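K.L.:
Sharing a structure below in structure tokens format, with a few things to ask.
What follows is calculated from the coordinates using simple rules that are stated; it is not laboratory data. Values in this document were obtained by computation on a predicted structure and should not be read as measured data. Using ideal geometry, Cβ is built from the backbone for each residue, glycine included, and neighbour counts are taken over all protein chains shown.
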Amino acid sequence: MAKQQSINHYMRIFHRYLGFFLAGIMAVYSISGIVLVFRSTDFLKKEVRIEKTIATNLPADKIGKALKVKGFKIEKKEGDIYHFKQGTYDSQTGVAKYTLKKLPFLLDKMTHLHKATTNDPLYLLNIFFGVSLLFFVISSFWMFLPSTKVFRKGLYFTLAGILLTLLMLFL
């Protein structure tokens, strides 16, 4: 007769192999998360010169949207040339020459993972990753028997983690 396995046994197995599977994803998320903390600075960014032709005779408020430049603002106009912080736009030819600061290709792709919305197929990976992390949280409580000292100490650490997070959120 086969021995019946407990839920603890299966939680440990799922926890172990899901952890190994997600190790690479967690590394990417952790690196890109750290980089995103500095997104409002030029940390690790390099200048990229862009020359793009867009529609001619665009009104000033439509130029930034057409170029997809954040914080777009016209600084001055000289004839047909609009000057903005990042470059210029010639309303007669539609040629815009400007400079943007971007992360290197690989870091840019990695940080895109954090910013994926439902318009991007990557959101499925984000949901899977979030659900997997939630499973890690829950399954970690099956790693030790509730009557052990390690389990009780683990609950104190869990409470400390929750309190620290709440403290940081509200300060």
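K.L.:
Mind checking which of VAL69, ILE25, HIS112 is farthest towards the positive end of the chain's charge dipole, using Cβ charges of +1 (Lys, Arg) and -1 (Asp, Glu) about the Cα centre?
P.N.:
With unit charges placed on the Cβ atoms, the residue in question is ILE25.
K.L.:
Taking 0.36 nm per residue of sequence separation and subtracting the Cα-Cα distance, how much length would be gained by fully extending the chain between PHE43 and TYR17, in nm to one decimal?
P.N.:
Values: separation 26, 0.36 × 26 = 9.36 nm, distance 3.58 nm.
Once the chain is fully extended between PHE43 and TYR17, it gains 5.8 nm.
K.L.:
Now, a different point. Based solely on its DSSP helices, what 222 nm [θ] is calculated for the chain when runs of n ≥ 4 H residues each add -39,500 (n - 2.57) and the sum is averaged over all residues, nearest 500 deg cm²/dmol?
P.N.:
Values: 5 runs with 88 residues, N = 171.
The per-residue figure over the chain is -17500 deg cm²/dmol.
K.L.:
May I ask for the angle, rounded to the nearest 10°, between helix 123-139 and the longest principal axis of the chain, with both axes built from Cα atoms and the value confined to 0 to 90°?
P.N.:
30 degrees
K.L.:
Sequence neighbours fewer than 8 away in the same chain don't count; with that in mind, list the lysines whose C-alpha is under 18 Å from LYS52.
P.N.:
LYS62, LYS65, LYS68, LYS70, LYS73, LYS85, LYS97, LYS101, LYS102
K.L.:
Further question on the same structure: Is there a quick way to get the dipole size of segment 1-56? I mean about its Cα centre, with the Cβ of Lys and Arg at +1 and of Asp and Glu at -1; what is the value in debye to the nearest 20? Working shown, then result.
P.N.:
Details: 8 positive and 3 negative charges, 45 e Å.
Its charge dipole is roughly 220 debye.
K.L.:
Relative to the first principal axis of the alpha-carbon coordinates of the chain, what is the inclination of helix 149-170, with its axis defined by its Cα atoms, in degrees from 0 to 90 and to the nearest 10?
P.N.:
20 degrees
K.L.:
Moving to a separate point now. When the chain is fully extended, how far beyond the present Cα-Cα distance does THR148 get from ASN8, taking 0.36 nm per residue of separation? Could you put the intermediate results ahead of the total?
P.N.:
Details: separation 140, 0.36 × 140 = 50.40 nm, distance 1.43 nm.
Taking 0.36 nm per residue and subtracting the Cα distance, the gain is 49.0 nm.
K.L.:
Note down the magnitude of the dipole of segment 46-102 about its Cα centre, charges +1 on Lys and Arg C-beta and -1 on Asp and Glu C-beta and zero elsewhere, to the nearest 20 debye.
P.N.:
Values: 14 positive and 7 negative charges, 89 e Å.
Dipole about the Cα centre, nearest 20: 420 debye.
K.L.:
If I stretch the segment between LEU155 and LEU100 completely, what's the gain in nm (0.36 nm per residue apart, minus their alpha carbon distance), one decimal? Write out the running numbers ahead of the final one.
P.N.:
Numbers: separation 55, 0.36 × 55 = 19.80 nm, distance 4.78 nm.
Taking 0.36 nm per residue and subtracting the Cα distance, the gain is 15.0 nm.
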